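Q: The structure is given below, and queries will be raised subsequently.
The values are calculated or read from the model by the stated rules, or taken from the named source; none is laboratory data. Keep in mind the model is a prediction, meaning the values are calculated, not measured. We place every Cβ from the backbone using ideal geometry, glycine too, and count neighbours over all the protein chains shown.
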Amino acid sequence: METTTVDITASRSLKSRIVHIGQHLLFWFAAMAAMLLLYSRMYDNTAVAAFLLAYLFPVYAASVYVTLYITIPRALLTRRYAKLSLYGAYTVLGVVLLIIMLFLLLLIGRIPFPVPDDYVLPRTATDIVVLSAGVFIVTIAAVALKLLRHWYDAERRSERLQRERLEAELAMLRAQVHPHFLFNTLNNLYALTLKKSDRAPDVVLKLSELLDYMLYESRADTVPVEREARLIEEYLELERLRYGSGQRIEFRSSVERSNPIAPLLFLPLVENSFKHGLSQGGSDAWVRIELHSTAAEIRFTSENSLADGRSRISRDSNGIGLRNVRERLQLLYPGRHEFTVEESAGLFRVSLRIIFPLPTRRSS
């Protein structure tokens with residue numbers, strides 16, 4: 001296993017180096033082609049232009065790589081602008097001196113390759129400046145590409161870190177749903193066993209079905225909305241076993257479009273309805289749940305009666321269930337959802353709307 005891992009790492013490193021070298025070769029091919037075109041027009045002679053580029057290529061390479069691997073990392077990226085100015089001045093001076101030195105060698109005939117017959121040596125400072133400007137143009141182009149790549153890599157790192165943070169927060173919030181649901185259900189089961197109710201075995205069976213979904217299927221990032229609708233129906237069956245058939249528990253759903261939805265998003269809201277409604281007692285207590293999915297949106301509504309006139313929103317709207325849903329919505333569907341909690345005379349209502357289609361996430 002360790003050998004395989006080392007081989008894979010070495011293979012990736014080799015591939016990365018090949019790509020890196022290929023990028024540099026492509027840059028130099030494009031840069032020299034552009035400068036050849038420029039010099040050909042300046043000197044009206046392609047052979048002279050090619051000779052100049054070949055002869056001055058060491059100056060081009062020195063200027064580009066000193067800037068890319070010394071000036072940028074040591075001064076620009078570290079925001080040491082005084083050092084950046086100093087390195088820039090050294091580079092300009094070095095380029096000019098190298099060009100002068102090369103043409104002095106050319107003047108005394110100390111070069112190992114032939115010179116075009118119609119080539120005329122630079123005679124003025126302007127000629128040196130023009131040739132130096134060509135080097136600086138290529139260097140600036142290389143710097144621009146380097147900074148663009150640095151910005152792109154930084155953006156990708158930032159996106160990856162943000163995505164990892166988001167996934168960690170979502171995992172934490174999703175983990176809160178499991179014990180919260182289990183605690184409530186075990187309380188229900190405990191109440192039935194105290195009454196020695198015959199419904200206790202059925203509750204255990206329904207609970208096992210729900211836990212199977214919560215522990216395994218809900219690990220996915222999204223599930224079809226109809227699977228969440230079925231989860232709600234299974235949970236309501238569990239509550240009907242607890243409260244008996246005399247209570248008003250209604251659920252209406254319609255799925256015109258099978259939109260993907262984050263798992264376990266609606267369950268805390270359904271639990272909340274029973275917390276405020278049937279669990280507070282009263283023969284006329286009721287719960288009504290609706291879930292509708294179309295190509296444009298998912299709408300979820302839960303309504304329940306209030307057993308008395310006491311205000312519950314101020315006390316409970318920031319409880320684990322609603323707070324969990326609110327935070328997950330902000331992470332999963334920022335700017336694409338509406339979530340409201342309302343209370344009126346004898347009525348507690350939670351509404352959720354998620355707008356589709358969702359924007360596509362960029363992969364890393």
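Q: Checking the conditions here, which among Val129, Val135, Val143 is under 17 Å from Met42 (Cα atoms) and touching a residue at least 40 places away in the same chain (Cβ under 8 Å)?
A: Val135 is the lone residue from the list that is under 17 Å from Met42 (Cα atoms) and touching a residue at least 40 places away in the same chain (Cβ under 8 Å).
Q: I need the full set of residues from the range 227-253 which are among the aliphatic types (A, V, I, L, M) and either under 16 Å from Met214 (Cβ atoms) or touching a Phe, Trp or Tyr at 6+ places or on another chain (Cβ under 9 Å) (or both), in order please.
A: Here is the first cut: in the range 227-253, the ones among the aliphatic types (A, V, I, L, M) are 229, 231-232, 236, 238, 241, 249.
If the condition is that a residue be among the aliphatic types (A, V, I, L, M) and either under 16 Å from Met214 (Cβ atoms) or touching a Phe, Trp or Tyr at 6+ places or on another chain (Cβ under 9 Å) (or both), then Ala229, Leu231, Ile232, Leu236, Leu238, Ile249 are the ones that fit.
Quick grid of which residues meet (1) modelled with pLDDT of 90 or more; (2) aliphatic (A, V, I, L, M); (3) exposed (fewer than 10 other Cβ atoms within 10 Å of the Cβ):
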{"residue": "Thr9", "(1), (2), (3)": "no, no, no"}
{"residue": "Ala34", "(1), (2), (3)": "yes, yes, no"}
{"residue": "Met42", "(1), (2), (3)": "no, yes, no"}
{"residue": "Ala61", "(1), (2), (3)": "yes, yes, no"}
{"residue": "Leu68", "(1), (2), (3)": "yes, yes, no"}
{"residue": "Ser85", "(1), (2), (3)": "yes, no, no"}
{"residue": "Gly88", "(1), (2), (3)": "yes, no, no"}
{"residue": "Thr91", "(1), (2), (3)": "yes, no, no"}
{"residue": "Leu98", "(1), (2), (3)": "yes, yes, no"}
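Q: Being crowded, with 16+ Cβ neighbours inside 10 Å and either assigned by TED's automatic domain parsing to the domain that holds Ala49 or in contact with a Leu (Cβ under 6 Å, 6 or more places away or on another chain) (or both): is that true of Leu131 here?
A: No; evaluated as a whole, the condition is false for this residue.
Q: Still on this structure, please answer the following. Of a type in the set (Gly, Ala, Ser) and not in a helix (DSSP H, G or I): which single residue out of Gly88, Gly134, Gly109, Gly94 fits that description? Can you show your working first?
A: Numbers: Gly88 fails: not in a helix (DSSP H, G or I); Gly134 fails: not in a helix (DSSP H, G or I); Gly94 fails: not in a helix (DSSP H, G or I).
Just a single option satisfies the conditions, and that option is Gly109.
Q: Would you confirm whether any residue within the range 243-263 is at pLDDT 75 or above, surrounded by 14 or more Cβ atoms within 10 Å (Cβ to Cβ), assigned by TED's automatic domain parsing to the domain that holds Leu291 and of a type in the set (Ser, Thr, Tyr)?
A: Yes - at least one qualifying residue is present in the range 243-263.
Q: In addition: Which pairs have Cβ atoms under 8 Å, sit 6 or more apart or on different chains, and link a residue in the range 223-240 that is under 13 Å from Ser254 (Cα atoms) to one that is among the acidic types (Asp, Glu)?
A: Partner pairs satisfying both residue conditions: Arg227/Glu217.
Q: Go through the range 23-79 and count every residue that is without any contact (Cβ under 8 Å) to a residue 40 or more places away in the chain, closer than 19 Å to Lys146 by Cβ and not in a helix (DSSP H, G or I).
A: Of the residues in that region, 2 qualify.
Q: A follow-up question, please. Restricting the range 102-122 to residues that are free of Cβ contacts under 8 Å to residues at least 12 places away in the same chain and closer than 16 Å to Asn45 by Cβ, which is surrounded by the most Cβ atoms within 10 Å (Cβ to Cβ)?
A: Looking at residues that are free of Cβ contacts under 8 Å to residues at least 12 places away in the same chain and closer than 16 Å to Asn45 by Cβ, I get Val120.
Q: Still on this structure: On the basis of being part of a helix (DSSP H, G or I) and modelled with pLDDT under 75, does Glu234 make the cut?
A: No; evaluated as a whole, the condition is false for this residue.
Q: Condition check: buried (at least 17 other Cβ atoms within 10 Å of the Cβ), assigned to a loop (DSSP other than H, G, I, E, B) and in contact with a Ser or Thr (Cβ under 8 Å, 6 or more places away or on another chain). Does Leu269 satisfy that?
A: no
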